[in-house]
1. Per residue, what volume in Å³ does the convex hull of the Cα atoms of the chain enclose?
2. Quick check: the angle from helix 129-139's long axis to the longest principal axis of the chain, C-alpha only, nearest 10 degrees?
3. If Lys and Arg each add +1 and Asp and Glu each add -1, what is the summed charge of the other residues whose beta carbon sits under 12 Å from the beta carbon of Leu215?
4. Using 0.36 nm per residue, how much length does the chain from Lys452 to Asn160 gain when fully extended, once their Cα-Cα distance is taken away?
5. Just tell me which aspartates and glutamates come within less than 12 Å, Cα to Cα, of Lys15; anything on the same chain fewer than 8 places away is out.
6. Can you compute the charge dipole magnitude of the chain about its Cα centre, using +1 on each Lys and Arg Cβ and -1 on each Asp and Glu Cβ, nothing else charged? Give it in debye, rounded to the nearest 20.
7. Between Leu444 and Glu172, what is 0.36 nm times their sequence separation minus the Cα-Cα distance? Round to one decimal in nm.
8. For Asp210 and Glu360, FRET efficiency with R0 = 60 Å and r from the beta-carbon atoms, rounded to 0.05?
Amino acid sequence: MISEFHTVQPSASFKEVKSIVIDQKQRVLPVIDQKGNTVGVITRTDLIQHLGVADRASSSPEKPAQLFERSLSALMESRLPKDILSLLKELGELAQSLNLSIYLVGGSVRDLITLKPIKDLDLTLTGDMDEFIKAFALKHPTARVKNHPRFKTATIDLDNGFRLDLSCARLEYYEYPGAMPIVRHASIRIDLQRRDFTINAMALSLNSEDYGRLLDFYRGYHDLKEGLIRVLHSLSFIEDPTRAFRAIRFENRLGFTVSRMTERLLETALKNGFITNLSSRRVMAEIRRVCEEEEPGPILKRLGELGLLKCVHPKLRIIPKQIERFRRVARIKDWYRLTFGEKFSPVWLVWLLVLTDELEEEELADLVENLDSGQKVARVAIEERKTLKSILRQYQRIREFIKPSEADRIFSDLSWPGILYLMAMSSGDPLSRAGASYLTYYRLVKTNCDGKDLIKLGYHPGPRLHEALIFLREAKLDGLVNTLSEELALAQELLKSGDSDGFDKNDVLRETVDGRR
Ligand code: ATP
């Protein structure tokens, strides 16, 4: 009944076939000879067999999976904060009243069962999402709703800071490689079937009639208990190579193991060249997520060992020097968190800088271009990197204490991730200690006097006054002046000593300080 579909000639390459069957999701591919006769057909299963891996990873979509159900309502009651619970119940009642079904899905269910903190509320609806959103907005007039009808997703930000990520249960496919996905309504089972790993492919019903019922078609609950990361079907990594990075990330985060079959599938995909040239937006987003994990070091090391980093860029390798640097970044991260808390955390960028340390400027620019955080990342990673490297070269061999005023000059124009990178690269050296002192103290030092005080002393507004203020601040940083009167005395000396060519700060400082002593 479908009249528009691809065909291939008998001479078609495997790559061509893969692109149609996997990337464009045409599961049956007729083979037509030059006279227009159908001489054969290639199915998705043929492709799997060609790759030499039996479809034992789990139940394949062709063989309907067996549903495992259990009630998690008691676990929800004991695990979830009261406000989240009452929100989930409200969502379930609303869906029920509209004759829709709503589920908590993916990572939220995984985190609930593994007793990990739940960061996001990922919700999937079957039925008319617009109707649901309208009804919800009526009850919560101050909620901020962003609807993306084309992708059948929406986010709702509530006043109490909760964010709900809503999507319609869907089937996604691409008309041609690189196209935007076409999204069609589907059942919750089909929706779960397109997901990455069994542990992320469970849904928890919120509707009041079966509140707390777990829907698990792929033995996800079992794998969570066994600590296993398993894909849902044999072509999973070929279909979407970002899953390879996700597998290793979850393995490390949850302390799980990638199952033997899944590891074989990953190796096969790598060996057959399906995971190459991956510096795309989605892979870079995954690299960023690795760098944002609690312990990126072991993840990056494993990605390197498996040969996955090379697929992002051929020069990305994990050498012994790198592993030592990862340890240092981990220490700097701990220090940062103890000192400044969680609020503003640019540390992921430090991991990225260390990971890409061996890349040339243009190579790094190409990678960073695919990162979503845009301008800011590019500024630090590319523009500032030259300066960072030259500071490192200059201070590498310096063993003496770096004067506060000098430290202030080194660090004041750098971004925080840049400073943290320098600290990690020079860990244990005076430069690293100077960086820590700059972030915790030097950057906050201000003079007691201001421009108006200096004008009263006889300065004219302009560059000389500005320079004098900088000079006074540096003197204060180095502990040579402390009080307002000491600063004013020094400013007066500066003014007296100045001639039209400016003044010799060091002479003035020496005389003033010696005089005071
Ligand atoms: P995290 O705690 O890192 O946010 P998460 O599981 O919530 O983990 P998301 O990237 O937010 O991860 O994705 C939400 C859900 O979408 C996943 O749990 C999974 O079911 C599905 N998903 C995400 N990425 C993929 C992918 N590449 N292929 C298939 N399914 C995916």
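The numbers here are math on the coordinates, done by the rules we state, and not lab data. Just so we're clear, the structure is a prediction, and the values are computed from it rather than from any experiment. Here Cβ is always computed from backbone atoms with ideal geometry, including for glycine, and neighbour counts include all displayed protein chains.
1. Spread over its residues, the Cα hull of the chain gives 217 Å³ apiece.
2. 50
3. -1
4. Fully extending the segment from Lys452 to Asn160 adds 100.6 nm.
5. Candidates past the 8-residue exclusion: Asp23.
6. 960
7. Stretched fully, the Leu444-Glu172 segment lengthens by 92.7 nm.
8. 0.55
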